[in-house]
Amino acid sequence: SRRLLAAAELFVMIERKVQMTKQCLVVAVILSVCGCFRNESGEIFVREPDMESSVPIQFQLAELSPSPGLTEAVIVGEDRKAYLHDEILLSNQDIASSRVVMSKGGDAAIWLTFTNSGTETFERITKANREKALAILVEGNVLCAPLILEPIHTGKCQIPASMSEQEAKRIAKGIIGE
């Protein structure tokens, strides 16, 4: 039974790898970041049941031009603004784990893995809103608002940000309630 379990785990890993190569893993986030990201420390922060998150994260549809009824927000580190829709589509409860990855240039980013229900919601959002912006807010600040280029089925998302590794770890831990 151990061999069967190992074979099943290997099959799932291969299936995920194939799925990942067929899809754009991150909306257009990676396209907006210079350099390829790699995991530096290998630390993965996993949400424990009933843990309170100390760092709120929200995903909201956004427009890049003002319209009535939308909330204006500055995108951190950029000269542009996003105009947010009110509905929060995903939040901390939809995230199963987070980790910090570093670019070759030394910039930190946060890699998120959604829960099963979060994965379904993220896929539905990215499928229904192609060519629209999806703002990712951390502690009320818009860290990025990439355009959705295609549906994302992997349940993973990378948040680029020009921040120190220490700050990225604080955020990654806080998102999942550590």
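Select from segment 141-163 the residues that are small (Gly, Ala, Ser) and under 20 Å from residue 97 (Cα atoms) and list them in ascending order. If the condition is that a residue be small (Gly, Ala, Ser) and under 20 Å from residue 97 (Cα atoms), then 155, 161 are the ones that fit. The set of residues in segment 82-123 being open to solvent by 40 Å² or more (accessible area, probe 1.4 Å) and among the charged types (D, E, K, R) consists of 86, 87, 99, 104, 107, 120, 123. Yes or no: segment 122-139 includes at least one residue that is without any contact (Cβ under 8 Å) to a residue 24 or more places away in the chain and among the acidic types (Asp, Glu). Yes, the conditions are met somewhere in segment 122-139. Of everything in segment 76-101 that is acidic (Asp, Glu) and over 19 Å from residue 129 (Cβ atoms), the residue that is farthest from the chain's Cα centre (by Cα) is 79. Annotation note: of 106, 69, the sole residue that is over 13 Å from the mean Cα position of the chain (by Cα), within 26 Å of residue 178 (Cα to Cα) and not in a helix (DSSP H, G or I) is 106.
Residues in segment 109-123 that are in a loop (DSSP other than H, G, I, E, B) and within 11 Å of the chain's Cα centre (by Cα): 0 in all.
Taking segment 81-96 as the range and being closer than 23 Å to residue 63 by Cα and touching a residue at least 60 places away in the same chain (Cβ under 8 Å) as the test, the residues that pass are 82, 92. Within segment 124-175, take every residue that is open to solvent by 30 Å² or more (accessible area, probe 1.4 Å), assigned to a strand (DSSP E or B) and not basic (Lys, Arg) and give me the one that is farthest from residue 75 (Cα to Cα). Checked segment 124-175; the qualifying residue farthest from residue 75 (Cα to Cα) is 147.
The values are calculated or read from the model by the stated rules, or taken from the named source; none is laboratory data. All of these numbers come straight from a predicted model, not from anything done at the bench. Virtual Cβ from ideal backbone geometry, glycine too; neighbours counted across all protein chains shown. Surface accessibility is based on the protein's heavy atoms, side chains included, excluding ligands, DNA and RNA. Shrake-Rupley method; radii C 1.70, N 1.55, O 1.52, S 1.80 Å.
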